[in-house]
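Working notes, structure below.
The values are calculated or read from the model by the stated rules, or taken from the named source; none is laboratory data. Model, not experiment: these values are computed from the prediction. Quick reminder, even Gly has a Cβ in these numbers, built from the backbone with ideal geometry, and neighbours come from all protein chains shown.
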Amino acid sequence: MKTIDLPSKRMIVEFISLVVLSSIMVISCYVYHKYDTYKSIKVVVDNKAAVEYGSANYDINKLIKKVEGEIVSVKQDIDTNKMGEQEVVVEVKKENVTKNVAFIVNVVDTEAPAINIKEEKVTITEGSDYDLTTNIESVKDVVDGDIGYSGEVTEDSNYYYNFSYGEDIDNVGEHEVIVNAKDKSGNATQIKFILEVKAKPAVTQIPAVSGGNAPANAAGGDIVSIAYSLIGSPYISGSNGPYGFDCSGFVQYVYSRVGKSVSRSSYTQAYDGVGVSYANAQPGDILSWGHGGMITHSALYVGNGQMIHATNPSQGVVLSSVAGWESGSIDSLMAVRRVN
C-alpha cells in the first residue's frame with residue numbers, strides 16, 4: 001500500500017507563523033499609513049485671521065491659507081457678536097481618515113461710527129448762543145451703540161464725538177464745522193456741515209419799560225437760590241447745562257428749573273416777559289446787556305445791586321456787582337425783563 005507523506009507539525013507551525021507575520025506586517029503597514037495620513041492632516045490660517053463683529057455669514061475658507069485634506073464640517077464655530085479671540089474646530093477628511101483641527105479666529109471691530117446730522121447747513125444770527133449738538137441726529141457704532149459728546153479729548157481718547165472749526169466761527173459768514181467721532185476700538189469718522197452766521201440787525205428800540213406796574217416776580221426767590229447754587233460752574237460756549245453754560249444758556253436753565261420758559265439767545269431774552277426799569281428790578285429778573293445798539297449778554301439779578309451770570313471760559317458762573325460790571329465793561333445795561 002502506497003503512503004502519502006503529510007506535513008510535519010513543524011512545517012505547519014512555520015506556515016501558520018508565516019501567515020500571522022504577514023498579516024501583522026500588512027496590518028502594521030495599514031495602521032502606519034493611516035497614522036501618517038492622520039498626522040499629515042492640517043489647517044494653516046493667517047496669523048491675523050479675523051472676522052468682522054456681527055458678521056451674519058462669514059466664509060471660513062477666506063480665513064484659511066492652506067488645508068491638507070478636505071473640510072467636511074465645522075464642529076465648533078465662533079460667536080461673531082462677541083469680541084476677541086475664539087477657537088474654531090473643523091473636521092478634516094483625507095483618504096477616509098478624519099481629524100478635528102482647532103485654530104484661533106479674532107472677532108474684531110473695524111467699522112467706524114455712523115454720524116447722522118439734521119441739516120447740511122445751519123443758519124443763525126450773529127451773537128446767538130447756538131449749541132452745535134442740536135444739529136446732531138445721532139452718533140452710533142455697531143458695537144458700542146450710542147456715542148456721546150465730549151468737549152475734552154486727547155489724542156489717546158476713544159468713544160466720543162466732538163467738533164472742530166475755525167477760531168472765527170462767531171463772525172458773520174459761512175463756517176465749516178467738522179464732526180469727529182471715535183468708537184472704543186479707535187475707529188474714526190468725520191462729517192461736515194456749514195454754519196452760516198448772519199449779521200445781527202441793529203437794536204433800535206428795546207420794548208417799552210413799564211416802570212413799577214409789572215407784577216412781582218413770583219418765582220424770584222427760587223430763581224436766586226438756584227443761581228447761587230450754580231456759582232463756579234464752567235463757561236461752555238453753546239451750552240445750556242446742566243454741567244456748563246454760556247450766558248443765555250445759564251438764564252434759560254435756571255428758569256427751566258422753576259418751570260418757566262425763556263428763549264435761548266441773549267438777543268431774544270431782551271424781549272421775553274415784560275420790561276421794567278432797573279430802579280424797579282426784583283430778584284430773578286433778567287438783565288440784558290449790550291453795546292453799539294446790540295444785545296450781547298444776559299444775567300440774572302439777585303438783589304442788592306448784584307447779579308449772577310456765566311461770564312467767560314476763564315471765570316465761569318460768578319456773582320458780580322451790576323455797577324462794577326457796567327463800569328469795567330464796554331457793555332451797558334439795555335433792558336430789565338420780568339418773566340412770570
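Structural remarks
- Filter result for I124 (assigned to a strand (DSSP E or B) and modelled with pLDDT under 90): yes
- Qualifying residue in the range 129-150 (condition: touching a Pro at 6+ places or on another chain (Cβ under 8 Å), hydrophobic (A, V, I, L, M, F, W, C) and not assigned by TED's automatic domain parsing to the domain that holds P234): yes
- Within the range 270-287, the set of residues being modelled with pLDDT of 95 or more and either surrounded by 22 or more Cβ atoms within 10 Å (Cβ to Cβ) or among the charged types (D, E, K, R) (or both) comprises G284, D285, I286, L287.
- Residue check for R257: surrounded by 16 or more Cβ atoms within 10 Å (Cβ to Cβ), basic (K, R) and more than 26 Å from A199 (Cα to Cα): yes
- Criterion applied to E167, E137, E152, E119 was being under 15 Å from the mean Cα position of the chain (by Cα), closer than 27 Å to F250 by Cα and part of a loop (DSSP other than H, G, I, E, B), and the one residue passing it is E152.
- Search result, residues across the range 288-321 that are in contact with a Ser or Thr (Cβ under 9 Å, 6 or more places away or on another chain), more than 22 Å from G221 (Cβ to Cβ) and surrounded by fewer than 17 Cβ atoms within 10 Å (Cβ to Cβ): H291, G293, P313
- Pick from the range 79-114, criterion aliphatic (A, V, I, L, M) and part of a loop (DSSP other than H, G, I, E, B), ranking: surrounded by the most Cβ atoms within 10 Å (Cβ to Cβ): A112
- In this structure, D131 qualifies as in contact with a helix residue (DSSP H, G or I) (Cβ under 8 Å, 6 or more places away or on another chain), acidic (D, E) and either under 23 Å from P234 (Cα atoms) or at pLDDT 95 or above (or both).
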